[in-house]
Amino acid sequence: MGSGFLLGFGENGWGPLLLHGAVMTMAVALTGFGIGLLIGTTGAWAKLKGGYLSRGLADAYTTILRGIPDLLVIYLFYFGSSAVLTPLGGLFGASGFISLPGFLAGSLAIGLVSGAYQTEVMRGAYRAVSSGEIEAAIASGMSQLTLFRRIVAPLVLRHALPGLGNVWQLVLKESALVSVTGLVEILRTAQIGAGSTGQPFTFFLAAAVLYLVISSISGWLLRRTEWRLTRGTRPV
Amino acid sequence: MMDFSFLYETLLTLLTGVPLTLKLAVSSVALGTVLAVALALARLSGIFMLAWPTRFYVFVFRSTPLLVQIFLIYHGLGQFHAIRTSFLWPILREPYWCALIALSLNTAAYSSEVIRGALLSVPPGQIEAARACGMRTTVLYRRIVFPLALRQALPAYGNEFILMVKATSLASIITLMEVTGLAAKLISQSFRAIEILVVAGAIYLLINFLVTRLLQWADYGLTGHLRLPPVSADALHRGA
């Protein structure tokens, strides 16, 4: 009985479970990345256009979140939420450990961490938009909303894409840490498989290959999108 | 509202984990650097059989999570009877060595790219001049290429070091009692997660702040030639 059978899709094969884990990894990483994008856009706006207070807050946020381990942030959401929720649950007659579900705690933590990196990416991208373009748009009578939709957003997106791609690759790898909350993504599935079959190397190698595949595919998609978004600036 | 005596006690407990955190970060960056220089030189050698495996190594280690790499080494290697009976087993069954190996292999992949970029940034004119003076390859590297590359690589290397300080927290998952490991243990004893995690976060922030300062100081020392020479009082008096 080879490990190929063990990881396959037949009877007793771990293939379907590992694929399910891969879908969960993608889901938590995408949700976290999306939350991070919202935070990052807000943070960049605060750093660029905000007053003294919001600039200070945004600076503190990016400094702190980029200076502490991601694992602490995941623990903060997972165990920290239980510090609030467990007594609250007690009021309603529940007993024992209550915490945010792993998916929610994980994607919030990933969002908060990646938001700090995305703030810096978006800030840099906005500053790369030349002021002449914005001036020209205002001169041709665009309203603020049209200006944002037609000029600022597409240009910022083009400049931000390489940076956002890097953050996405970070987020994908960071999502493995969410396995500590018990969320059954790739790594947790591999741990369960390793535990119940006594073949840890096989399962962790399979997990590594799955991450490799997801990261390669997303890298290819990002390069293609980047190629498409820069078609206006390439020499023909 | 704030329980300062609890925070203080937590701080004292967590500080005992700092030596292990620093030991892991410093030794893995040191080991990783040696490996990274070898990888970068192999990649730039132009020899297919050296460059291609290096590219593959960097690709694999940069595209998979560090935690998976740690698990592969700590839990995974024990699957093989040959390894369990080999002379390496006393090392490979220790969580400390497994964490150190995984962190070193991981940082080597990232920093080999930093070093490769730095080596490529050395102006060809400088190398040509050194050759023209008759330097051998070893002297050329020791006197010209490595010092220039070091200056170029330092800022990116500093970032890598900070990333490694943060990465050492994963060692807690394979039972090492560094700062995060101690914090997790305290949480399971007292259930006061938020206070404990804030203290732990502050410790990491302080370490990284000091590292940043140290790097700025090193960078200042290495870029002396880019600054204007100090004006001496003597020169001012002469009214130059």
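Residue count for the range A:175-209 satisfying the condition of being more than 15 Å from A:A22 (Cβ to Cβ) and not β-branched (V, I, T): 9.
Within the range B:85-102, how many residues turn out to be β-branched (V, I, T) and within 21 Å of the chain's Cα centre (by Cα)? So the answer is 1. Being over 24 Å from the mean Cα position of the chain (by Cα) and buried (at least 16 other Cβ atoms within 10 Å of the Cβ) is a property that does not hold for B:L12. The helices (runs of 4 or more DSSP H) found wholly in the range B:28-110 and carrying at least 2 residues that are buried (at least 20 other Cβ atoms within 10 Å of the Cβ) occupy B:48-63, B:66-71. Got at least one residue in the range A:136-152 being of a type outside the set (S, T, Y), crowded, with 20+ Cβ neighbours inside 10 Å and more than 14 Å from chain B (Cβ to nearest Cβ)? No, the conditions are met nowhere in the range A:136-152. Per this entry, A:G219 is not counted among residues that are at the interface with chain B (Cβ under 10 Å from one of its Cβ atoms), within 24 Å of A:F97 (Cβ to Cβ) and in a helix (DSSP H, G or I).
May I ask you to verify whether A:A190 is in contact with a Leu (Cβ under 6 Å, 6 or more places away or on another chain), closer than 16 Å to A:M24 by Cα, at the interface with another protein chain (Cβ under 9 Å from one of its Cβ atoms) and assigned to a helix (DSSP H, G or I)? Taking the combined requirement at face value, the residue does not satisfy it. Screening A:E174 with (1) in contact (Cβ under 8 Å) with a residue 60 or more places away in the chain; (2) more than 19 Å from B:L197 (Cα to Cα); (3) within 11 Å of chain B (Cβ to nearest Cβ) gives one miss only, at (2).
Of the helices (runs of 4 or more DSSP H) entirely within the range A:1-73, those holding at least 1 residues that are farther than 23 Å from A:V156 by Cα and touching an Asp or Glu at 6+ places or on another chain (Cβ under 8 Å) occupy A:15-49.
Given the structure, is A:W227 within 14 Å of another protein chain (Cβ to nearest Cβ), loosely packed, with under 13 Cβ neighbours inside 10 Å, without any contact (Cβ under 8 Å) to a residue 40 or more places away in the chain and aromatic (F, W, Y)? The answer is no for A:W227. Checked across the range B:185-206, the condition of being more than 30 Å from A:G80 (Cβ to Cβ) and modelled with pLDDT under 95 holds for no residue. Would the range A:62-76 turn up any residue that is touching a Lys or Arg at 6+ places or on another chain (Cβ under 8 Å), closer than 30 Å to A:V209 by Cα, in contact (Cβ under 8 Å) with a residue 12 or more places away in the chain and within 14 Å of chain B (Cβ to nearest Cβ)? Taking every residue of the range A:62-76 in turn, at least one turns out to be touching a Lys or Arg at 6+ places or on another chain (Cβ under 8 Å), closer than 30 Å to A:V209 by Cα, in contact (Cβ under 8 Å) with a residue 12 or more places away in the chain and within 14 Å of chain B (Cβ to nearest Cβ).
Residues that are assigned to a helix (DSSP H, G or I) and either without any contact (Cβ under 8 Å) to a residue 40 or more places away in the chain or touching a Cys at 6+ places or on another chain (Cβ under 9 Å) (or both) within the range B:1-27 comprise B:F4, B:S5, B:Y8, B:E9, B:L12, B:P19, B:K23, B:V26, listed in sequence order.
The values are calculated or read from the model by the stated rules, or taken from the named source; none is laboratory data. These numbers come from a predicted model, not from an experiment. A quick note on method: Cβ atoms are made from the backbone with ideal geometry, for glycine too, and the neighbour counts reach across all protein chains shown.
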